[in-house]
Amino acid sequence: MNDESQMTNGEHDANAQSSIRHSSFSFLNSIRWRLQIWYGLILLALLAGFGATAFQLWRGSTYRRVDDELQRRVNDLSQLFRPPQPFRNRGFEGPPGQRPFNRPPEDQSPDGPPRGRDFNFDSSAPREFHLPPQMAWLFDETDTNAFYYVIWRRDGSELARSSNAPAGAGTLPASTIRVREQTRNQPPDAPGIRRGPPAPLPPVMSGKFREIEMFMGERILVGRSIARQMADLRTIALELSAVGAGILLLGLVGGWWLASRAIRPIEDISATAAKISGGDLTQRIDVSETESELGRLASVLNSTFARLDAAFDQQRQFTSDAAHELRTPVSVMLTQTQTALNRERSAAEYRETVESCQRAAQRMRRLIESLLELAKLDAGQQAMKRSPFDLAQTARDCVALIEPLAAARRVKLICDLPPLECTGDSERLSQVITNLLTNAITYNKENGEVRVDGAAKDGSVILRVSDTGKGISAEDLPRVFDRFYRADTSRTSGNTGLGLAISKAIVEAHSGQIEVASEPEKGTVFTVRLPLS
Amino acid sequence: MRILVVEDEMDLLRSIAQALREEGYAVDTAANGEDGLFNAQNSDYDAIVLDVMMPKMDGWEMLARLRKTKKTPVLMLTARDQSRDRVRGLDTGADDYVVKPFDLPELFARLRALIRRSAGQTRNVIEIGDVIIDVAGRHVARAGEAVPLTAREYALLEYLALHRGELVTRTTLYEHLFDENDSTMSNLLDVHVSNLRKKLGPEFISTRRGHGYCIE
């Protein structure tokens, strides 16, 4: 990621994000941190949304309760300034049966409540106003948190003010009042419209006070300190934030734990893989507690590591064996040439030296050819032809070729083969048969015999080469196909110790099997089994 | 000095034996562990060169059996150069080892050192009067002047010098100077001794009549 691309990100979020990317490039690359950040952001958005909604709902209902009360009071008060019309009493929601204008006169103190004529529709300016006692419970003037009212005459002069009304109540700027005048109905001399029941203006906040006003000639204001509600709301907001923060923290901790748990196997895997790439191929991932998809991955990796380990081991062993096998001919050449060059020699001596070097070199050549062949077979580069042929005919050809060797060792060759049609590379398989025959003759006893027979059954062809030699001991038997393994641990036989390994590789490249059975002092049987197709 | 070489690779066996003979050693050979053990147990060799990988009985086995009766210095020839193989060889009783493929000069140097140590000598130079024998370079000087010696004469001198002060019987000398291929004439030894006396002084080797020879 280059700086260029970061800069072209959206202006708003780019600043914040790019600074994170700059400062903590590596930890944004960590899956755990990315999970954690996404998780945290989503949780934060959810919590903030829920919290804000809950708070709004709460605040709305609080205000609505206050507003309802305010509205009721301003309506009640406005009743007092209206001519007694039957329908208007519907709006009055005071205690049942209380009708301020129909009250008996005993309720009216001399200086107290307004007279009926004070509220005369046509009266332009009531001189004074007293709250009717039946409405006193609506305005508890001793409590600064209770409802208060202020009433102005039409000319703007104050008619009445409850004692708990704050000093600032109703002292709205003149412009605001004008606007409100306009928004309420018409000026007083537009009687047609004023007939409808005047409605209060929407409640407004004035500092810590919630107030509602109504213009109906007189201006009536009812308000209430909502300091307590606001304090309650603040408390609620704090509580919501605290709970939200708690949940967020809990969520982040839980998310971290989950992410760590999910990622721990990955860390195990990468730690083990690091050790292995450091050369310690014996390391394995602990799969005991990873039963998940990662567990399966770990198992797959483990088996890969095991195969790598085995392959490396085999390679190491093979290289060391190959080096070991090359040491002897090289030693021969070195000692021969160093001795020969020590002083002047006769032509015969030089000849002997050169012959000996030639033998060593030929041995090395055989070894190198075999090693290359094995390496190719190992790598699967040696393509096997897949053509139908008669294995019996191939075997007979091999027997014919090896006859002189058998004659020289006075070993009798017996060939008894039915037709063995199969598919494969006849040239490579004749190499196998020749090798088995050579071994059978070489390790046979004088006047012994080598028998080649076979059969076709169960979807495969079987070829057997049995000898009457000294056999192979039980402890050597499982290892005869190993590379460089020689039962007699000597090199005098002149073979490379790779013949059977190569034979096995060729047969297995044909999806076949090669087996050996032996009885000491009686003989050895090699069995080659090839699938028909 | 008589040395036994046990090695199953015939070309290698022949060339080592030939090279050692040309260095003046008497050399016996064996192509497998069984023959080697038989030879080693029935003659007193000054050193044995022993291959590890052999048919019938490998070098380790032969060494282990030999050590029950003989202290002959043994130098192992091995194609394995892993440390556990070297440790095993040395622990079994080998005195030194050489990893194949080796250089002949190194093999000779190690053999000389082995023989010198087994005779209790720590230096490569033996001084007897005005005669100085350089075992490493196989030179002999008398009063600062080089004395030319044949390989046999040198071998005889070196053996007697390494066993200075000891009475060395004629039989011992025969055993250590001639290998099984030599058809030794009984007077050959006397010829070599008289030649050495001519070159190094008549009193250099004293004769104990009927017993043997000695360098005082």
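If the only charges are +1 at each Lys and Arg Cβ and -1 at each Asp and Glu Cβ, what is the size of the charge dipole of region B:125-214 around the Cα centre, to the nearest 20 debye?
For this selection, approximately 320 debye.
Taking the alpha-carbon centroid of each part, what is the distance from region B:1-40 to region A:495-516 in angstrom? Using only Cα atoms to place each centre, the spacing works out to 38 Å. For the peptide B:4-14, the mean number of other protein chain Cβ atoms found within 10 angstrom of a residue's Cβ is 5.
When only C-alpha pairs under 8 Å and at least 6 residues apart count, what is the relative contact order of region A:253-369, in percent? Before the final figure, lay out the partial values.
Values: 54 pairs, mean separation 20.3, N = 117.
Over region A:253-369, the number comes to 17 percent.
Straight-line reach from B:Lys68: taking Cα to Cα under 26 Å and skipping same-chain neighbours fewer than 8 places apart, the lysines in range are B:Lys56.
How do A:409-415, A:419-425 rank on mean C-beta neighbours within 10 Å, highest first? Each step should come with its number before you reach the end.
Values: A:409-415: 15.3, A:419-425: 18.4.
For the peptides A:409-415, A:419-425, the packing ranking is A:419-425, A:409-415.
Of B:Asp35, B:Asp190, B:Asp51, which is the most mobile in a GNM of chain B whose springs link Cα atoms less than 10 angstrom apart? Largest GNM mean-square fluctuation: B:Asp190. Shielding value for A:333-343 is 6, the average number of Cβ atoms from other chains within 10 Å of each residue's Cβ. Beyond a 32 Å Cα-Cα separation, which of these cross-linked pairs lie in this structure: A:Lys522/B:Lys70; A:Lys445/A:Lys504; B:Lys70/B:Lys100; A:Lys275/A:Lys504? Beyond 32 Å: A:Lys522/B:Lys70; A:Lys275/A:Lys504.
Considering only A:Ser466, A:Gln431, A:Leu405, and ranking their Cα positions along the charge dipole of region A:387-531 that arises from unit charges at the beta-carbon of Lys, Arg, Asp and Glu, the one farthest toward the positive end is A:Leu405. Just to confirm a number: summing +1 for Lys and Arg and -1 for Asp and Glu over residues other than A:Arg345 whose beta-carbon lies under 11 angstrom from that of A:Arg345, what do you get? Summing Lys and Arg as +1 and Asp and Glu as -1 gives -2. A simple rule links phi to the HN-Hα coupling: the Karplus curve 6.51 cos²θ - 1.76 cosθ + 1.60 with θ = phi - 60°, which for region B:169-178 gives 6, 4, 4, 4, 4, 4, 4, 8, 9, 10 Hz, with x for Gly and Pro.
Helix content alone sets the calculated 222 nm mean residue ellipticity of chain B: runs of n ≥ 4 DSSP H residues at -39500 (n - 2.57) each, divided across all residues, give -12500 deg cm²/dmol. A protection proxy built from the mean count of other Cβ atoms within 10 Å ranks the segments A:149-158, A:40-49, most packed first, as A:149-158, A:40-49.
Rounded to the nearest 0.05, what FRET efficiency is calculated for A:Glu508 and A:Asn342 with R0 set to 51 Å and r the Cβ-Cβ distance? Can you show the working numbers first?
Working: r = 50 Å, r/R0 = 0.98.
Once rounded, the FRET efficiency stands at 0.55.
Per-residue Karplus couplings for region B:62-67, computed as 6.51 cos²θ - 1.76 cosθ + 1.60 with θ equal to phi - 60°, are listed in order as 4, 4, 4, 6, 5, 5 Hz, Gly and Pro entered as x. Counting Cβ atoms of other protein chains within 10 Å of each Cβ in B:97-106 and taking the mean gives 4. Under the convention that each Lys and Arg Cβ holds +1 and each Asp and Glu Cβ holds -1, the size of the dipole of region A:387-531 around its Cα centre is about 340 debye. Projecting the Cα atoms of A:Thr353, A:Leu334, A:Ala379 onto the charge dipole of region A:318-379 (Cβ charges, centred on the Cα centre) puts A:Thr353 farthest toward the positive pole. Assuming charge only on the beta carbon of Lys and Arg (+1) and of Asp and Glu (-1), the dipole of region A:318-379 about its Cα centre is about 140 debye to the nearest 20.
Shape verdict for region B:125-214, please, from the Cα gyration tensor: rounded (a/c under 1.5), prolate (a/b greater than b/c) or oblate. Prolate shape, in that a/c is at least 1.5 and a/b is the bigger ratio.
In region B:2-118, with Lys and Arg counted as +1 and Asp and Glu as -1 at Cβ, which of these residues, B:Val5, B:Gln41, B:Val98, has the Cα nearest the positive end of the dipole, that is, farthest along it? Sorting the options by dipole projection puts first B:Gln41.
Calculated FRET efficiency, B:Lys68 to B:Arg117, Cβ-Cβ distance, R0 = 22 Å: about 0.50 to the nearest 0.05.
Apply the a/c threshold of 1.5 to the C-alpha gyration tensor of region A:378-424 and tell me whether it is rounded, prolate or oblate. It is oblate, given that a/c is not under 1.5 and a/b is not larger than b/c.
Checking the a/c ratio against 1.5 first, then a/b against b/c, what shape does the Cα gyration tensor give for region B:2-118? Verdict is rounded for region B:2-118. Using θ = phi - 60° in the Karplus curve 6.51 cos²θ - 1.76 cosθ + 1.60, the 3J(HN,Hα) couplings for region A:264-269 round to 3, x, 5, 5, 4, 4 Hz; x is entered for Gly and Pro.
Cα centroids of region B:137-208 and region A:305-361: 38 Å apart.
For chain B, the longest principal axis of the C-alpha atoms and the axis of helix B:104-118 are separated by about 70°.
No value in this document is a laboratory result; all are computed from the given coordinates. Model, not experiment: these values are computed from the prediction. Heads up, the Cβs are rebuilt from the backbone with ideal geometry, glycines too, and the neighbour counts pull from every protein chain shown.
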